[in-house]
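The values are calculated or read from the model by the stated rules, or taken from the named source; none is laboratory data. As the structure is a prediction and not an experimental result, all values here were calculated from the model. Note: ideal-geometry Cβ built from the backbone for every residue, glycine included; neighbour counts use all protein chains shown. All accessible areas refer to the heavy atoms of the entire protein, side chains included, with ligands and DNA or RNA removed. Shrake-Rupley method; radii C 1.70, N 1.55, O 1.52, S 1.80 Å.
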Amino acid sequence: MTDPLELEGWKFDNSYAQLPAALFTAARPVPVRQPGIVLLNRSLAAEIGLEADLLSGERGSAIFSGNAIPPGAEPIAQAYAGHQFGHFTNLGDGRAILLGEQITPGGQRVDIQLKGAGATAYSRRGDGRAALGPMLREFLISEAMHALGIPTTRSLAVVTTGERVRRETPLDGAILTRVAASHIRVGTFQYAAAVDDPSLVQALFDHAIKRHEPQLTGADDAVLRFLDAVMERQAALVARWMLVGFVHGVMNTDNMAISGESIDYGPCAFIDIYDPAMVFSSIDQQSRYAYGNQPTIAHWNLARLAESLLPLVPGTAEDAIEQFQGLVATFPERFQRHHLAGLKNKLGLFSVESGDADLAQGLLDWMLATRSDFTETFTELSLTAAAEPSSALPAGSDPQFDQWLSAWKARLGRQPQGALEVAGLMRQSNPVVIPRNHQVESALLAAQQGDLSRVHRLLEVLSTPFATTAANEPFRAGPPAGCGRYRTFCGT
Ligand code: AMP
Ligand code: MG
């Protein structure tokens with residue numbers, strides 16, 4: 001007879017737990033009083049080989065709270081360090097426990113991690129717990145990012161714990177199950193390098209290329225090419241963020257994944273009005289992680305990765321430093337390339353002209369000057385291109401905009417693609433709905449009062465962000481007037 005546990009679909013292989021002991025500590029989730037599953041991502045469960053029907057009730061509550069350990073898991077907390085707002089600190093999973101690596105039916109290896117599962121060896125003075133609001137928030141935003149086509153860690157489940165967590169006020173406790181290509185961070189390499197044992201960096205590096213760059217195994221220049229690949233993914237990722245108005249909010253080096261997935265949704269938010277200086281996090285007082293500063297910070301973080309990899313390069317330190325500096329210096333140009341390509345898609349531009357960057361910048365400048373909504377401006381342009389009469393753009397009333405609009409139309413006229421193709425490209429490049437801060441907040445508020453219907457509705461809407469459907473329509477608008485400045489808080 002088949003073991004009923006086998007039917008759930010767990011297929012763990014725990015390669016991280018085979019690495020040198022300095023990189024992690026064995027950990028057990030601390031049992032919770034009364035686990036109750038509130039969200040289960042059925043399509044993700046299927047994708048990674050799990051049988052959602054068997055994991056939706058009591059058994060799911062037990063597993064996704066850490067009260068029961070799925071067969072084959074070997075739970076650990078990972079060690080890492082990080083520059084937090086520029087200051088180096090030793091960290092580690094203080095409130096997250098990696099159950100292990102699930103091998104999916106497609107042969108992929110993904111980390112299954114419980115966030116908020118209780119104190120670990122790295123908790124410092126923290127309680128190892130998380131509150132319901134922030135865990136639902138990570139679920140909503142990460143799944144929205146996925147639907148936007150942006151690489152991200154995923155959210156499999158949220159359970160409430162039946163316990164309260166003490167923050168400024170007591171809050172309902174919850175645990176999020178996160179699925180990631182890996183949880184190797186820039187800060188993981190910094191941690192290994194800080195131990196002053198080159199074999200540790202080497203072991204981590206070998207593991208990382210096996211998972212993310214297997215084609216580099218055994219190559220003479222594997223280290224440089226690894227750095228190159230990570231840089232390329234980050235340049236593409238940050239460009240994708242910028243193109244949907246996403247502000248990560250806490251781009252510390254421990255919150256940057258080698259895989260190129262967006263990770264650690266803390267005080268993140270989306271801009272409504274276009275403004276490069278936009279900051280939402282209450283603790284980012286120097287605007288280090290402002291919307292428009294994200295490429296600069298990614299570049300800075302990658303320089304920290306390069307430093308951590310230096311011990312692996314054969315030859316003299318000077319040679320290695322020179323090579324690494326040359327490579328790291330290419331980041332701004334890479335970001336620009338991805339960002340411009342994305343802006344061109346948003347404007348329906350197929351061909352190449354030397355004035356394209358200026359044309360795109362002209363629109364951004366106009367948005368900044370007129371405090372225009374970033375997402376809506378592009379949606380309206382999309383509708384204009386599709387010749388839908390409902391466009392609310394201020395044609396005829398704003399000379400600066402009119403001038404830009406004629407330049408754009410003239411530019412469209414100089415490429416072979418017709419209106420249909422232009423509209424098609426724009427439609428698939430400009431989300432109609434994004435997780436607007438005010439919508440996310442009101443859904444979370446209702447959830448904290450026991451009504452999850454708004455979270456479900458928002459998840460539904462955000463699963464088809466490019467569709468101009470009746471269901472999506474009410475979620476297009478920016479915040480109501482007089483909403484005040486949106487603030488996010490850490491510990492989220
Ligand atoms: P984060 O801001 O979530 O990226 O976390 C930064 C560091 O603080 C990580 O090492 C976390 O594990 C740790 N941390 C955050 N919240 C808690 C908590 N409630 N208990 C223990 N450690 C925490
Ligand atoms: Mg973090």
(message) Among the residues that make up the stretch 281-292, is at least one of them away from ligand 2 (no atom under 16 Å from the Cβ), under 25 Å from ALA181 (Cα atoms) and either in a loop (DSSP other than H, G, I, E, B) or of a type outside the set (Phe, Trp, Tyr) (or both)?
(response) no
(request) Please give the helices (runs of 4 or more DSSP H) falling wholly within the stretch 302-385 in which 3 or more residues are more than 26 Å from GLU421 (Cα to Cα). (result) 317-328, 331-346, 356-370
(message) Condition first: open to solvent by 10 Å² or more (accessible area, probe 1.4 Å), of a type in the set (Phe, Trp, Tyr) and within 15 Å of ligand 1 (Cβ to nearest atom). Now tell me which residues in the stretch 232-286 satisfy that.
(response) PHE280
(request) Go through (1) more than 21 Å from LEU458 (Cβ to Cβ); (2) within 16 Å of ligand 2 (Cβ to nearest atom) and name the single condition GLY107 misses. (result) (2)
(request) Can you tell me which residue within the stretch 164-188, out of those that are surrounded by 20 or more Cβ atoms within 10 Å (Cβ to Cβ) and part of a loop (DSSP other than H, G, I, E, B), is nearest to ligand 1 (Cβ to nearest atom)? (result) HIS183
(message) Can you pull out every residue in the stretch 19-55 that is over 23 Å from the mean Cα position of the chain (by Cα), open to solvent by less than 70 Å² (accessible area, probe 1.4 Å) and among the polar types (S, T, N, Q)?
(response) THR25
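I'd like to check something: does the stretch 48-57 contain any residue that is closer than 30 Å to PRO170 by Cβ and without any contact (Cβ under 8 Å) to a residue 40 or more places away in the chain?
Yes, the conditions are met somewhere in the stretch 48-57.
May I ask you to verify whether GLN325 is out of contact with any helix residue (DSSP H, G or I) (no Cβ under 9 Å at 6 or more places or on another chain) and outside the structural domain of GLY86 (by TED's automatic domain parsing)? First the steps, then the outcome.
Details: out of contact with any helix residue (DSSP H, G or I) (no Cβ under 9 Å at 6 or more places or on another chain): no; outside the structural domain of GLY86 (by TED's automatic domain parsing): yes.
When the stated conditions are applied, GLN325 does not pass them.
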(message) Quick check on this structure: which one of GLY218, GLY149 is out of contact with any helix residue (DSSP H, G or I) (no Cβ under 7 Å at 6 or more places or on another chain), surrounded by fewer than 17 Cβ atoms within 10 Å (Cβ to Cβ) and not assigned by TED's automatic domain parsing to the domain that holds GLY107?
(response) GLY218
(message) Condition (residue is under 15 Å from the mean Cα position of the chain (by Cα) and of a type in the set (Asp, Glu)) applied to the stretch 156-174: is it met by at least one residue?
(response) no
(request) Taking the options LEU98, LEU91, LEU140, name whichever one is in contact with a Pro (Cβ under 7 Å, 6 or more places away or on another chain) and within 16 Å of ligand 2 (Cβ to nearest atom). (result) LEU98
(message) With the structure loaded, tell me whether VAL165 is among the hydrophobic types (A, V, I, L, M, F, W, C), touching a Leu at 6+ places or on another chain (Cβ under 6 Å) and at pLDDT 95 or above or whether it fails that test.
(response) yes
